Ligand code: 5GP
């Protein structure tokens, strides 16, 4: 019934729990494709190349930009982050919805190219909760945490331009809301094959 899949963008400050919520969501929705981003930021302990990100050097990333291989890219905290285009296009052409965990700059760029995409913003219940999560994660220095909290403030100001806002006070509840949003968006006629549906009603 679908002409193609849709793009579901999940943004939110670093430490808002996007990754954890997405994991919980994938447990109940198996027919989704998770886009794997490329970045020039340093690999953290426990992260794997090709699993968490494609970790690239600056020249490698700039080559991808020059060759127009990215659906979008942005400079976040002084590092490049971007979405490789081909896997996303392949998945949507196969009718799969694609989840992109990207920042607000990237989200608005994708919306220009894919106006049907859905923008979901995920935030922790308070600045204190965000600070605690960043500190508990123990992956960033004090300076980086301070930078991420500042960035969070400016990102949250963009929430009015998003389609949905979810406050992540409990992972399961937040994941349930994302699943509901995706299911509701799948009922929008814009991406459905109305012509074949109408054929079934013709006498
Ligand atoms: P982190 O370094 O904590 O993994 O991610 C930092 C920020 O970069 C997060 O806000 C995350 O959403 C964003 N990000 C991750 N991948 C991409 C991407 O492909 N494009 C853009 N524009 N932002 C991304």
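The values are calculated or read from the model by the stated rules, or taken from the named source; none is laboratory data. Quick caveat: nothing in here was measured; it's all calculated off a predicted structure. Reconstructed Cβ throughout: ideal geometry from the backbone, glycine too, with neighbour counts over all protein chains shown.
Quick notes on this one:
- The residue that is farthest from residue 184 (Cα to Cα), counting only those in segment 116-139 that are touching a residue at least 40 places away in the same chain (Cβ under 8 Å) and in a loop (DSSP other than H, G, I, E, B), is 139.
- Test result for residue 70, within 19 Å of residue 185 (Cβ to Cβ) and near the ligand (Cβ under 9 Å from one of its atoms): no
- Single residue of segment 183-203 satisfying the filter (in a helix (DSSP H, G or I) and in contact (Cβ under 8 Å) with a residue 40 or more places away in the chain) that is nearest to residue 29 (Cα to Cα): 185
- The one condition from (1) in contact (Cβ under 8 Å) with a residue 60 or more places away in the chain; (2) within 14 Å of the ligand (Cβ to nearest atom) that residue 113 does not meet is (1).
- Test result for residue 100, more than 8 Å from the ligand (Cβ to nearest atom) and surrounded by 13 or more Cβ atoms within 10 Å (Cβ to Cβ): no
- As for segment 102-116, it holds at least one residue that is in contact with a helix residue (DSSP H, G or I) (Cβ under 6 Å, 6 or more places away or on another chain) and over 16 Å from residue 18 (Cβ atoms).
- Qualifying residue in segment 19-34 (condition: in contact (Cβ under 8 Å) with a residue 12 or more places away in the chain, near the ligand (Cβ under 9 Å from one of its atoms) and closer than 23 Å to residue 169 by Cβ): yes
- The condition of being under 15 Å from the mean Cα position of the chain (by Cα) and either at pLDDT 95 or above or exposed (fewer than 13 other Cβ atoms within 10 Å of the Cβ) (or both) does not hold for residue 128.
- Wholly within segment 1-112, helices (runs of 4 or more DSSP H) carrying at least 1 residues that are within 17 Å of the chain's Cα centre (by Cα): 18-28, 85-93
- Failed item in (1) within 22 Å of residue 47 (Cβ to Cβ); (2) in contact (Cβ under 8 Å) with a residue 40 or more places away in the chain; (3) part of a helix (DSSP H, G or I), with residue 178 passing the rest: (1)
- Residue in segment 44-64 that is surrounded by the most Cβ atoms within 10 Å (Cβ to Cβ), counting only those that are within 12 Å of the ligand (Cβ to nearest atom) and closer than 24 Å to residue 98 by Cα: 61
- Residues of segment 73-97 that are under 20 Å from residue 50 (Cβ atoms), away from the ligand (no atom under 12 Å from the Cβ) and crowded, with 20+ Cβ neighbours inside 10 Å: 91 alone.
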